[in-house]
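Note sheet for the following structure.
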Amino acid sequence: TDQDWVNRDHIDAALLASVDTMHRVALTLPPRDVAALARSVNRARRDGIAVELVVTPFLPSYRAKLANFPQWKASLQESLGAPILDYSSAVSDDRDFADRLHLNFAGSRAFLDRLVADGVFDRVEHP
């Protein structure tokens with residue numbers, strides 16, 4: 001699992017170069033995945049938790065290959081009835097990524113700084 005650590009490496013040069021030769025990518029919304037996310041969103045709401053979803057940063061050259069990102073995001077937002085904070089382009093330095101989808105330690109810090117600057121955590125109600 002990658003849920004309890006942060007990558008400290010930088011994206012491999014070969015992987016970075018391979019993005020340039022990729023065809024455009026069409027994002028999908030598998031019904032099973034949307035249903036699972038909807039269950040989580042609905043459970044949080046039943047427990048009185050306000051829900052905002054976050055699209056985390058993509059490697060910039062990979063983000064540029066996403067042919068249907070605006071439509072994908074709108075469809076997901078409509079399916080879940082929850083706002084989506086789009087940070088897919090929030091980190092622009094390739095050195096801040098471990099791969100196309102995951103930030104490394106430096107990228108995580110840059111992203112966190114952006115979330116703080118945007119006041120995302122100010123909206124959180126603390127008991």
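Measure off, as a whole percent, the carbon and sulfur share of the 1.4 Å-probe accessible area of the chain, all protein chains present. With neighbouring chains kept in place, the figure for the chain is 53 percent. Angle of helix 31-46 to the longest C-alpha principal axis of the chain, folded into 0 to 90 degrees and rounded to 10: 50°.
Counting only other residues whose beta carbon sits under 13 Å from that of residue 19, what net charge do I get with K and R as +1, D and E as -1? Once positives and negatives cancel, what remains is 0. Relative to the longest principal axis of the Cα atoms of the chain, helix 105-117 runs at roughly 40 degrees.
If only the Cβ of Lys and Arg carry +1 and only the Cβ of Asp and Glu carry -1, the dipole of the chain around its Cα centre is close to 440 debye. Compute the long axis of helix 69-80 from its Cα atoms, compare it with the longest principal axis of the Cα atoms of the chain, and write down the angle in degrees, 0 to 90, nearest 10. Relative to the chain, helix 69-80 is tipped by roughly 20 degrees.
Comparing 47, 20, 94 in a Gaussian network model of the chain where C-alpha atoms under 10 Å apart are linked, the largest mean-square fluctuation is found at 47. Using the 1.4 Å probe convention, the accessible area of the chain works out to 66 Å² per residue with neighbouring protein chains retained. In loop segments of the range 25-127 as defined by DSSP, the GluC sites (Glu not before Pro) with at most 12 further C-beta atoms inside 10 Å of their C-beta are 52, 125. The trypsin sites (Lys or Arg not before Pro) of the range 1-71 that meet both conditions, a loop assignment by DSSP and at most 11 other Cβ atoms within 10 Å of the site Cβ, are 8, 24.
The values are calculated or read from the model by the stated rules, or taken from the named source; none is laboratory data. The structure displayed is predicted, hence computed values, not measured ones. Virtual Cβ from ideal backbone geometry, glycine too; neighbours counted across all protein chains shown. Accessible surface is based on the protein model in full, side chains and every heavy atom, while ligands, DNA and RNA are left aside. Shrake-Rupley method; radii C 1.70, N 1.55, O 1.52, S 1.80 Å.
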